[in-house]
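Each remark here refers to the structure printed beneath this line.
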Amino acid sequence: MRSSFSKREGTAMFTNKLKQQWAEGHPVINGWLSIGNAFTAEIMAAQGYDCVTIDAQHGALDYHAILPMLQAMRASGVTPMVRVPWREPGAIMKALDAGAQGIICPMINSAEQASEFVSYMRYPPQGQRSFGPTRATFAYGGYGVSANEQVLALAMIETQQGMDNLEEIAATPGLDGIYVGPADLTLGTQEGRLPPGFDREEPEMIALLQRIKGVCHANDIRACLHCGTPEYAAKAISWGFDLTTVGGDTRLLAGAASASVTRWRNLTGAAAVQTVKGTY
């Protein structure tokens, strides 16, 4: 299902596909881009994901890479999103102006921060987003104030303070969901007792994830989880999560390349050659 849009002047007519899927009761699979390359983005977007997120926080890229990546994903009809570096209005508004239909914002620790984040997402009177959708106007046609109803604001809960304020954060008007990054959530809540990582199996971490999901649904917003494998993502969907990210471009590339090399060596019996760093 592709996003629909019209060129009627002054009115954003694109429909956010994720909102449609959730309204129909369907879970969402999200792709993840950390490599700042339009061709990589185009390839990933064509693989059947419902949405694909560009990671501007930890990814090897900046705004000069984000714009062509969003352009490259347009043909697939996938819903494009961006994880911004921080709760900074300029970065959030520029990503939206470039055509992002959803923003994931890290390190939201209070209802005040969540409200501030949401305000950057939407034009007045609902928020304080500045008007200037330079590329979005061409990507979606007639992009206007009604985009307020389609863009998604997803806050990341990653610290003990965030968990302590979870109910208040989830109740923030205009917030569409909470996105969980298990690595930072583990670091932020377990006081160094557990190493960071995805696909948590510790009872205390599963309890946190279940609590986040329950609070999200009690406030009629979406629960989203970053996963390392399809198997864990399927488990999270069975728990009731609405969106799961499965791996990402760097991990998928490394995993496929490693599997291919290992398979070749197993079939040929050729041993790995130790190379000297810096030589070819």
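The values are calculated or read from the model by the stated rules, or taken from the named source; none is laboratory data. Every value quoted in this text rests on a predicted model; they were computed, and no experiment measured them. Here the Cβ positions follow ideal geometry from the backbone for every residue, glycine too, while neighbour counts run over all protein chains shown.
Scanning segment 177-190 for residues being touching a residue at least 24 places away in the same chain (Cβ under 8 Å) and either part of a loop (DSSP other than H, G, I, E, B) or touching a strand residue (DSSP E or B) at 6+ places or on another chain (Cβ under 6 Å) (or both) gives a total of 5.
Could you grab me the full set of residues in segment 247-280 that are in contact with a helix residue (DSSP H, G or I) (Cβ under 7 Å, 6 or more places away or on another chain) and at pLDDT below 95? So that I can check it myself, show each step before the final result.
Taking segment 247-280 and keeping what is in contact with a helix residue (DSSP H, G or I) (Cβ under 7 Å, 6 or more places away or on another chain), we get 249, 272.
Across segment 247-280, the qualifying residue is only Ala272.
Figure legend. Inter-residue proximity from segment 64-89: first residues more than 15 Å from Gln47 (Cβ to Cβ) and in contact (Cβ under 8 Å) with a residue 24 or more places away in the chain, second residues in a helix (DSSP H, G or I) and hydroxyl-bearing (Ser, Thr, Tyr), beta-carbon distance below 7 Å, spacing 6+ or different chains. Indicated pairs: Pro89/Tyr120. For segment 221-244, the tally of residues that are more than 22 Å from Ala114 (Cα to Cα), among the polar types (S, T, N, Q) and touching a Cys at 6+ places or on another chain (Cβ under 6 Å) stands at 0.
Go through segment 106-128 and count every residue that is touching a Pro at 6+ places or on another chain (Cβ under 8 Å) and assigned to a loop (DSSP other than H, G, I, E, B).
Residues in segment 106-128 being touching a Pro at 6+ places or on another chain (Cβ under 8 Å) and assigned to a loop (DSSP other than H, G, I, E, B): 2 in total.
Within segment 140-153, being crowded, with 17+ Cβ neighbours inside 10 Å, in a helix (DSSP H, G or I) and either on the phi > 0 side of the Ramachandran plot or modelled with pLDDT under 95 (or both) holds for one residue alone: Tyr140. Across segment 168-186, the qualifying residues are those that are closer than 17 Å to Gly228 by Cα and among the aliphatic types (A, V, I, L, M), and the one among them that is surrounded by the fewest Cβ atoms within 10 Å (Cβ to Cβ) is Ala183. Close Cβ contacts (under 9 Å, 6 or more residues apart or on different chains) running from residues in segment 256-275 that are among the aliphatic types (A, V, I, L, M) to residues that are loosely packed, with under 10 Cβ neighbours inside 10 Å comprise Val261/Ala272.
Scan segment 237-252 for residues that are more than 15 Å from the chain's Cα centre (by Cα) and assigned to a loop (DSSP other than H, G, I, E, B) and the total you get is 1. Residues in segment 109-147 that are among the polar types (S, T, N, Q) and within 30 Å of Thr189 (Cα to Cα): Asn109, Ser110, Gln113, Ser115, Ser119.
Within the set Ile103, Ile54, Ile92, the sole residue that is crowded, with 23+ Cβ neighbours inside 10 Å, out of contact with any Pro (no Cβ under 7 Å at 6 or more places or on another chain) and more than 24 Å from Gly228 (Cα to Cα) turns out to be Ile92. When the residues of segment 13-51 are filtered to those that are assigned to a helix (DSSP H, G or I) and aliphatic (A, V, I, L, M), the one that is surrounded by the most Cβ atoms within 10 Å (Cβ to Cβ) is Ala41. Go through segment 55-77 and count every residue that is acidic (Asp, Glu) and in contact with a Lys or Arg (Cβ under 9 Å, 6 or more places away or on another chain). Qualifying residue count for the region: 1.
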